[in-house]
């Protein structure tokens with residue numbers, strides 16, 4: 001398993017992971033792949049994990065505008081064929097190292113309270129994220145937004 005920056009050649013693998021996990025709606029997949037493309041252009045930071053000769057997971061992050069040291073984790077996705085193999089943990093560790101290495105010390109993410117996101121929420125909580133808030137009916141009526149944050153450590 002190797003952590004590396006994704007390339008344009010990985011776009012198909014990213015799209016396959018996003019659709020195969022069956023957690024994301026068609027619109028969410030469209031937005032995620034658009035942000036992947038924008039990440040390739042330098043608008044976001046991208047990290048990927050390669051195993052068995054292809055990209056099996058990726059993360060998309062970016063600095064939180066108008067903050068000193070906060071970053072957003074926009075997307076993290078692992079192909080279901082690689083669930084339970086440590087790919088998500090490797091991605092999360094690489095994300096944290098990138099943020100710390102860039103002078104950041106806080107990761108924030110927003111996710112849906114939908115049942116399909118239960119696995120993701122458990123992953124975030126096991127990775128040390130804590131719930132900071134809940135926006136009722138945020139995405140649509142009956143679909144709340146849960147806001148998570150993880151402090152990565154003090155900077156000198």
With a Cα-only, solvent-free Debye model of segment 1-139, what are the log10 I(q)/I(0) values at q = 0.11 Å⁻¹?
-> -0.37
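Using helices alone, what [θ] at 222 nm do you get for the chain, with -39,500 (n - 2.57) per DSSP H run of 4 or more residues, divided over all residues and rounded to the nearest 500?
When only DSSP H runs of four or more count, the value is -10000 deg cm²/dmol.
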What is the gain in length, in nm to one decimal, between residue 149 and residue 83 on full extension, counting 0.36 nm per residue of separation less the C-alpha to C-alpha distance?
-> 21.4 nm
For the chain, modelled as a Gaussian network with Cα springs under 10 Å, which listed residue fluctuates most, 17, 90, 51?
-> 51
Expressed in nm to one decimal, what extension gain is obtained for the pair residue 122 and residue 68 from 0.36 nm per residue of sequence separation less their Cα-Cα distance?
-> 16.6 nm
For the chain, with a Gaussian network of springs between Cα atoms less than 10 Å apart, report the residue from 23, 41, 113 with the top mean-square fluctuation.
-> 41
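Which of rounded, prolate or oblate describes segment 18-90 when judged by the alpha-carbon gyration tensor and an a/c cut-off of 1.5?
prolate
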For segment 83-156, calculate the relative contact order in percent as a whole number, restricting contacts to Cα pairs under 8 Å that are 6 or more residues apart.
-> 36 percent
For the chain, modelled as a Gaussian network with Cα springs under 10 Å, which listed residue fluctuates most, 115, 141, 11?
-> 141
So residue 135 and residue 102, fully extended at 0.36 nm per residue minus their Cα-Cα distance, gain in nm 8.9 nm
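Throughout, read-outs are computed from the coordinates displayed, never taken from laboratory work. Quick caveat: nothing in here was measured; it's all calculated off a predicted structure.
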